[in-house]
1. How many of the residues in the stretch 35-47 are free of Cβ contacts under 8 Å to residues at least 40 places away in the same chain and out of contact with any strand residue (DSSP E or B) (no Cβ under 6 Å at 6 or more places or on another chain)?
2. In the stretch 13-100, which strands (runs of 3 or more DSSP E) lie fully inside it and hold 2 or more residues that are farther than 17 Å from A2 by Cβ, within 18 Å of the chain's Cα centre (by Cα) and of a type outside the set (V, I, T)?
3. Give the residues of the stretch 154-180 that are in a helix (DSSP H, G or I) and farther than 21 Å from A2 by Cα, sorted by residue number.
4. Tally up the residues in the stretch 12-44 that are among the hydroxyl-bearing types (S, T, Y) and more than 20 Å from L69 (Cα to Cα), please.
5. Provide a single number: the residues in the stretch 1-42 that are more than 25 Å from V126 (Cβ to Cβ) and crowded, with 19+ Cβ neighbours inside 10 Å.
6. Tell me the residue from Q6, Q36 that is touching a His at 6+ places or on another chain (Cβ under 8 Å) and modelled with pLDDT of 95 or more, please.
7. Could you check P166 against (1) surrounded by fewer than 16 Cβ atoms within 10 Å (Cβ to Cβ); (2) modelled with pLDDT of 85 or more; (3) more than 30 Å from P60 (Cα to Cα) and say which number it fails?
8. Within the stretch 101-124, can one find any residue that is modelled with pLDDT under 90 and either touching a Phe, Trp or Tyr at 6+ places or on another chain (Cβ under 8 Å) or buried (at least 20 other Cβ atoms within 10 Å of the Cβ) (or both)?
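The values are calculated or read from the model by the stated rules, or taken from the named source; none is laboratory data. Quantities reported herein were computed from a predicted structural model and do not represent experimental measurements. Heads up, the Cβs are rebuilt from the backbone with ideal geometry, glycines too, and the neighbour counts pull from every protein chain shown.
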Amino acid sequence: MATYDQLTEWAGRGHVTRAGRDVVAGWRIPGFMKAQLVEVGIPAAPRLIERVVMQSEAEPALLTSRGPLYRLTEQADPDEPAERSLFSVEPETGAVYFVMPDGEAWFANSGVDVWLDVLHRYGGRVTASELLSEPDGGEEYLSEEEEERAFAELNRLAEELKEIDPAAFNGYEGFLWPGFLDRWLY
């Protein structure tokens with residue numbers, strides 16, 4: 001299970017946001033998941049999480065194709081800043097969904113606990129990799145050899161994420177991780 005210190009190791013101090021106990025106290029998700037949001041926190045993650053914006057209301061306020069969900073994070077599309085996507089959590093189950101700008105909810109992970117573990121593995125791998133980290137100063141194109149190495153890294157990462165939460169890889173359409181990793185280089 002990921003810890004606050006592990007997340008800050010790759011995300012950096014000031015880039016992991018812990019929930020206030022009062023913020024999640026009324027949320028209808030399992031207690032241990034609330035505790036993880038308070039004790040472990042949510043990291044800013046390359047290409048996925050720009051900022052943490054947990055709602056403070058006790059009732060889920062984000063209207064999606066899955067019904068109302070609790071808002072966790074926000075990410076603006078670099079090409080369309082008005083287009084925002086976000087991670088959210090489903091009441092009762094604690095399943096995490098990635099919500100597209102149109103409100104369509106894609107399954108991300110089977111719970112907050114495994115979502116944080118997946119983010120830890122993903123963020124640690126991406127920030128440590130020359131090939132997967134964001135290039136400084138704009139777009140950089142990979143050589144054919146670099147692209148092959150990047151695909152190999154992505155395949156290893158996908159296998160590691162699948163071990164953490166097999167349910168997140170039980171489909172392609174409507175599932176975040178398989179599609180996201182597949183489109184990484186395009």
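1. The first filter runs over the stretch 35-47 and keeps only residues free of Cβ contacts under 8 Å to residues at least 40 places away in the same chain, leaving 35, 38-39, 41, 44.
Next, from what is left, pick out any that are out of contact with any strand residue (DSSP E or B) (no Cβ under 6 Å at 6 or more places or on another chain): 35, 38-39, 44.
Number satisfying all stated conditions: 4.
2. Numbers: elements: 62-64, 67-71, 73-76, 84-89, 96-99.
Hits in the stretch 13-100: 67-71, 73-76, 84-89, 96-99.
3. Step one: of the stretch 154-180, the residues in a helix (DSSP H, G or I) are 154-164, 166-169, 176-180.
Correct list: N155, P178, G179, F180.
4. First, the residues of the stretch 12-44 that are among the hydroxyl-bearing types (S, T, Y): 17.
Those still in the list that are more than 20 Å from L69 (Cα to Cα) too: none.
Total meeting the criteria: 0.
5. From the stretch 1-42, those more than 25 Å from V126 (Cβ to Cβ) are 20-32, 34-35, 38; that's our starting set.
Remaining after also requiring crowded, with 19+ Cβ neighbours inside 10 Å: 24, 27, 29, 34.
Residues meeting the conditions: 4.
6. On the way: Q36 fails: touching a His at 6+ places or on another chain (Cβ under 8 Å).
Step by step, each of Q6, Q36 is checked, and only Q6 is touching a His at 6+ places or on another chain (Cβ under 8 Å) and modelled with pLDDT of 95 or more.
7. Answer for P166: the failing condition is (3).
8. No - not one qualifying residue is present in the stretch 101-124.
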